[in-house]
Amino acid sequence: MGETRHTRLLIIGSGPAGYTAGVYAARAMLEPLLVQGIEPGGQLTTTTEVENWPGDTEVQGPDLMVRMEAHARAVGCAIESDIITDLDLGERPFTARGDSGTTYTADAVILATGARAKWLGLPSEEKFKGFGVSACATCDGFFYRGQEIVVVGGGNTAVEEALFLTNFASKVTLIHRRDELRAEKVLQDRLFNNPKVETLWFHTLDEVVGTEDPLGVEGVRVRDVRTGAVSEIACKGVFIAIGHAPANELVKDRLETHHGGYVKVEPGTTRTSVPGVFAAGDITDHVYRQAVTSAGMGCMAALDAEKFLAELGVAEGAEAAE
């Protein structure tokens, strides 16, 4: 039987939103407890150069998250390397259960579980995941030195992945269903000026093909969306970079959501549909999805939680006095 730990404020998630909430909550003397989750540091741990974090002309994503964690610890935020598998918001104190067997109870909760990569949903994509199909160039790019690689997508994620992979690959083919990219102009300029990158417009990925024993990618079948013609591209790696979806499994049936599963908050706040539960970062942000805005929302969530707990304490004190 695992132990039970109570905290005034439980923070679930450890990206920029979670760690910033930890810093502000600790400085407010709330003695917060932060549970890191399955990917400590969040999506920035799979990003290399970060060039839009204020104060750093360039910083490595993993290094930035190490610094954020150290900051949160230094000001008094307790941090646990556990994974929350269930969250009961039916009554207060709220109850969260960890994969470690520990049960966490809390008077208030900040959700900062972020988002994770989307997949195309192809059977062949699933078959070759980890064997030539990936959604993380910084995790797996090293394995494709001197090889030809395919990247699928048209936004910032796809362009950043493609550019990063040119550090290893002999050639990167970017497949996009339209004839223009959604990525920032500065990223597009870098992509189009990179001699290792070829862009295949008006195409979608139909199938990943490869060997059975050992399991490995040998190429992809792509379809021209205008003519329906199917062709093959030889490659050793396929990187899916079509965006992210909110990591809402803990609360999708317990909190109000919108825009495809993002947790809904009251405008101008981080308050969710359950009093005492707050959401910050990519779990709720379907518009900006930036590290700096996630950090800002982490600050807001901590301040909102501080106000809620202060009012809760006054109400409980009044009840006790009656």
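No lab work stands behind these numbers, since they all come straight from the coordinates. A quick note: this is a predicted structure, and the numbers were derived from the prediction, not measured. Cβ: placed from backbone, ideal geometry, glycine included. Neighbour counts: every protein chain shown.
From the residues 50, 275, 90, which one has its Cα farthest along the dipole of the chain in the positive direction, the dipole being from +1 and -1 charges on Cβ of Lys/Arg and Asp/Glu about the Cα centre?
50
Using Cα positions and a limit of under 22 Å, work out the lysines in reach of residue 252, with same-chain residues fewer than 8 apart set aside.
Straight-distance partners of residue 252: 118, 264.
Given the -39500 (n - 2.57) contribution per DSSP H run of 4+ residues, what per-residue ellipticity at 222 nm results for the chain, rounded to the nearest 500 deg cm²/dmol?
Values: 7 runs with 84 residues, N = 322.
Result for the chain: -8000 deg cm²/dmol, rounded to the nearest 500.
How many percent of DSSP beta bridges within the chain run antiparallel, rounded to 5? Mind showing how you got there, number by number?
Working: 30 of 63 bridges.
Beta bridges within the chain, antiparallel portion: roughly 50 percent.
Below 8 Å, C-alpha to C-alpha, sequence gap of six or more: please give me the relative contact order for the chain in percent. Spell out each step's value before the answer.
On the way: 733 pairs, mean separation 64.6, N = 322.
20 percent.
Cα convex hull of the chain: how many Å³ per residue?
Numbers: hull volume 49.7 nm³, N = 322.
That works out to 154 Å³ per residue.
Taking the alpha carbon gyration tensor of region 123-240, what are the square roots of 5 times its eigenvalues, largest first, to the nearest whole Å? Walk me through the numbers before you get to the answer.
Numbers: eigenvalues 89, 63, 25 Å².
Here the semi-axes work out to 21, 18, 11 Å.
May I ask for the angle, rounded to the nearest 10°, between helix 61-74 and the longest principal axis of the chain, with both axes built from Cα atoms and the value confined to 0 to 90°?
10 degrees
Would you kindly enumerate the cysteines in the chain that have no other Cys beta-carbon under 4.7 Å from their beta-carbon?
77, 235, 299, each lacking another Cys Cβ under 4.7 Å.
Helix 291-321: angle to the longest alpha-carbon principal axis of the chain, degrees 0 to 90, nearest 10?
Around 20 degrees separate the two axes.
Please sort 68-80, 291-303, 255-267 by packing, taking for each peptide the average over its residues of neighbouring beta carbons within 10 angstrom, highest first. Mind dumping the intermediate values first?
Working: 68-80: 17.5, 291-303: 23.5, 255-267: 15.8.
Highest to lowest by the protection proxy: 291-303, 68-80, 255-267.
Over all Cα pairs of region 225-273, how is the pair count split among 10 Å bins, expressed in % and running from 0 up to the last occupied bin?
Taking all Cα pairs of region 225-273, the binned fractions are 19, 29, 18, 18, 16 percent.
Running a GNM on the chain with Cα contacts under 10 Å, which residue among 22, 98, 13 ends up with the highest mean-square fluctuation?
Between 22, 98, 13, it is 98 that shows the largest mean-square fluctuation.
Can you give the extra length, in nm with one decimal, that the chain gains between residue 230 and residue 274 once fully stretched, where that is 0.36 nm per residue apart less the Cα-Cα distance? Walk me through the numbers on the way to the answer.
Numbers: separation 44, 0.36 × 44 = 15.84 nm, distance 4.99 nm.
Between residue 230 and residue 274, full extension yields 10.9 nm more.
Once the other residues with Cβ under 9 Å from the Cβ of residue 225 are scored (Lys, Arg +1; Asp, Glu -1), what is the net sum? Each step should come with its number before you reach the end.
Details: positive: 177, 178, 223, 226; negative: 224.
Its environment carries a net charge of +3.
About the Cα centre of the chain, what is the dipole size in debye to 20, counting +1 per Lys and Arg Cβ and -1 per Asp and Glu Cβ, all else neutral? All intermediate terms of the calculation are to be shown ahead of the outcome.
On the way: 29 positive and 46 negative charges, 136 e Å.
Once rounded to the nearest 20, the dipole reads 660 debye.
Please identify, among 228, 101, 243, the residue showing maximal mean-square fluctuation in a Gaussian network model of the chain using a 10 angstrom Cα cutoff.
It is 228.
What residue among 285, 88, 304 has the largest mean-square fluctuation in a Gaussian network model of the chain, using Cα springs under 10 Å?
88
Nearest 10 degrees is fine. How inclined is helix 156-165 to the longest principal axis of the chain, computing both from alpha carbons?
It works out to around 60 degrees.
Provide 53, 119 in ascending order of the number of other Cβ atoms located within 10 Å of each residue's Cβ, fewest first. Can you show the working numbers first?
Details: 53 17, 119 14.
The fewest-first ordering by Cβ neighbours comes to 119, 53.
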